[in-house]
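The values are calculated or read from the model by the stated rules, or taken from the named source; none is laboratory data. Nothing here was measured: the structure is a model prediction, and the numbers come from that model. Here the Cβ positions follow ideal geometry from the backbone for every residue, glycine too, while neighbour counts run over all protein chains shown. The protein model used for the area step is the full one, side chains on, heavy atoms only, and it has no ligands, DNA or RNA in it. Shrake-Rupley method; radii C 1.70, N 1.55, O 1.52, S 1.80 Å.
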Amino acid sequence: MPNTFCVVGHDARQQAAARVLRRAGCGVTAADNAAAADYILLPMSQGRVSDEVARALQGAGQGTLILAGRPGLPVRLAAREAGLPLIDYFRRPELECLNAVPTAEGCLELLLRLRERTIWESAFLVLGYGRVGRAVARRLALLGGRVTVAARSPEQRANARCSGCRAAALTALPALLPEFDAVINTIPAPVLPRTLLQRLPAGALIIDLASLPGGTDFAAAEELGLHAEHALALPGRCAPQTAGALIAQTVLAILEEREEQKERSEP
């Protein structure tokens, strides 16, 4: 099976991915040598077509497979114009699940740095109980935090209670918010508008882990004297070695499955 990757990008996460690919026996080359590659590995959340991405796409041979995580529309359009197939590796459930771990650990680092107090015996409100919400709530609870989860789904609230957290519906936020000076949002919807932010104590910290545009009215938070952090791309910022290894492992699993499907389809 061809196994040479053109790894685009030079950040720590991409470098870590390249090392894992080499250890797996794959060849690794740069954007200027994309013609020698069977696959092009783009960085996570590549929103624009940088010069390096453009060189890789222009130099790639016909049918070269692009592997990208949450690629922006310009990147998807550029791949289409170049006639190159593209797979979004971040749509793999296992990567979303595993990526929640460095996201949660990065969130803990922010809480410790920005609050100047322990997690132990502190009260936290976690909005949402998907992969990231679960990972955050579990770690806060294990460190002795008093965790309340607000979620829309009755099943999610039940799961939160089973894990030892308090749980409430999102409709209870107006009554809940005055009790918390630390809120972690994981819901990619406008769940913290000005009307709810006004219910928080003065100086409260909000860490928004949701993808763009987040779930917080950041302008209103600043006007109200709240500290709101939109903490995007935490795995790449806080744990690039782990994040890169997870990407490489996922990509290799994708290619292995494609090879198996190809073999089964052959007469």
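Points to keep in mind about this one:
- The set of residues in the range 233-267 that are small (Gly, Ala, Ser) and surrounded by 13 or more Cβ atoms within 10 Å (Cβ to Cβ) comprises 233, 236, 239, 243, 244, 245, 248, 253.
- Within the option set 232, 255, being in a loop (DSSP other than H, G, I, E, B) and within 24 Å of residue 87 (Cα to Cα) holds for one residue only, 232.
- Residue list for the range 174-209, restricted to those being free of Cβ contacts under 8 Å to residues at least 40 places away in the same chain, among the hydrophobic types (A, V, I, L, M, F, W, C) and under 21 Å from residue 156 (Cα atoms): 175, 189
- Complete set of residues in the range 79-91 that are surrounded by fewer than 21 Cβ atoms within 10 Å (Cβ to Cβ) and either in a strand (DSSP E or B) or touching a helix residue (DSSP H, G or I) at 6+ places or on another chain (Cβ under 8 Å) (or both): 82, 84, 85, 86, 87, 88, 90
- Candidate set from the range 16-32 (those that are under 15 Å from residue 54 (Cβ atoms) and open to solvent by 30 Å² or more (accessible area, probe 1.4 Å)); member that is farthest from the chain's Cα centre (by Cα): 32
- Scan of the range 66-76 for residues that are out of contact with any Phe, Trp or Tyr (no Cβ under 8 Å at 6 or more places or on another chain) and open to solvent by 70 Å² or more (accessible area, probe 1.4 Å), ordered by number: 73, 76
- So residue 55, is it outside any loop (DSSP other than H, G, I, E, B) and either under 23 Å from residue 92 (Cβ atoms) or in contact (Cβ under 8 Å) with a residue 60 or more places away in the chain (or both): no
- In the range 212-267, the qualifying residues are those that are in contact (Cβ under 8 Å) with a residue 24 or more places away in the chain and hydroxyl-bearing (Ser, Thr, Tyr), and the one that is farthest from residue 15 (Cα to Cα) is 216.
- Count - residues of the range 33-52 that are touching a Pro at 6+ places or on another chain (Cβ under 9 Å) and either open to solvent by 20 Å² or more (accessible area, probe 1.4 Å) or β-branched (Val, Ile, Thr) (or both): 8
- Qualifying residue in the range 162-171 (condition: open to solvent by 20 Å² or more (accessible area, probe 1.4 Å), in contact (Cβ under 8 Å) with a residue 60 or more places away in the chain and more than 20 Å from residue 118 (Cα to Cα)): no
- Residue in the range 92-135 that is surrounded by the most Cβ atoms within 10 Å (Cβ to Cβ), counting only those that are acidic (Asp, Glu) and closer than 13 Å to residue 182 by Cβ: 121
- So residue 196, is it closer than 16 Å to residue 228 by Cβ, of a type in the set (A, V, I, L, M, F, W, C), surrounded by fewer than 20 Cβ atoms within 10 Å (Cβ to Cβ) and at pLDDT 95 or above: yes
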